[in-house]
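The values are calculated or read from the model by the stated rules, or taken from the named source; none is laboratory data. None of these values were measured; they are calculated from a predicted model. Methodologically, a virtual Cβ is constructed for each residue, glycine included, from the backbone with ideal geometry; neighbour enumeration extends over all protein chains shown.
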């Protein structure tokens, strides 16, 4: 064997030539599942029962260090994340849409009162003025429930009440016009 045979080729390879590792292109290496040198599994993860690691797995440097390279001057190892300081727990609900500075915004969504929705819908539809009367009844009941339960929908209840009064006003106007025409 000559000195030339020991050297690895450095330029483009002719068609059919083997790469520097001696394996043809597209073939599997001798140890297809071997881990890269210096690799270890993260802590807290255990291998399945009955599993043995193939050869080639070993210990490596700690996180953030490269095997064979020293850490830059002035940089030490980073401490791990521990438990949060005392006083931190579940998110707190704040009384407004804005949380205090430095705190996450967490707003509890209130449910809308169903009677308020029904009051507003019936106030809009009128349904031969029966809807107007029901809009008034549902609107007043909804406002009472909203005050007791702390639900949302007070604006819809007020809209239903207003539309109910508008519907009753229209009913009275039609009755007055109808009576005045029948007497004349």
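Structure summary
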item: Any hit, the stretch 144-152, residues being touching a helix residue (DSSP H, G or I) at 6+ places or on another chain (Cβ under 9 Å) and not in a helix (DSSP H, G or I); result: yes
item: Subset tally (residues that are in contact with a strand residue (DSSP E or B) (Cβ under 6 Å, 6 or more places away or on another chain) and either modelled with pLDDT of 95 or more or closer than 10 Å to residue 160 by Cβ (or both)) for the stretch 105-129; result: 1
item: Hits in the stretch 157-184 - residues which are surrounded by 14 or more Cβ atoms within 10 Å (Cβ to Cβ) and free of Cβ contacts under 8 Å to residues at least 24 places away in the same chain; result: 158
item: Filter result for residue 132 (at pLDDT 85 or above, within 17 Å of residue 156 (Cα to Cα) and surrounded by fewer than 12 Cβ atoms within 10 Å (Cβ to Cβ)); result: no
item: Cross-chain or 6+ apart pairs with Cβ under 7 Å, the stretch 137-154 first and in contact (Cβ under 8 Å) with a residue 60 or more places away in the chain, then surrounded by fewer than 16 Cβ atoms within 10 Å (Cβ to Cβ); result: none
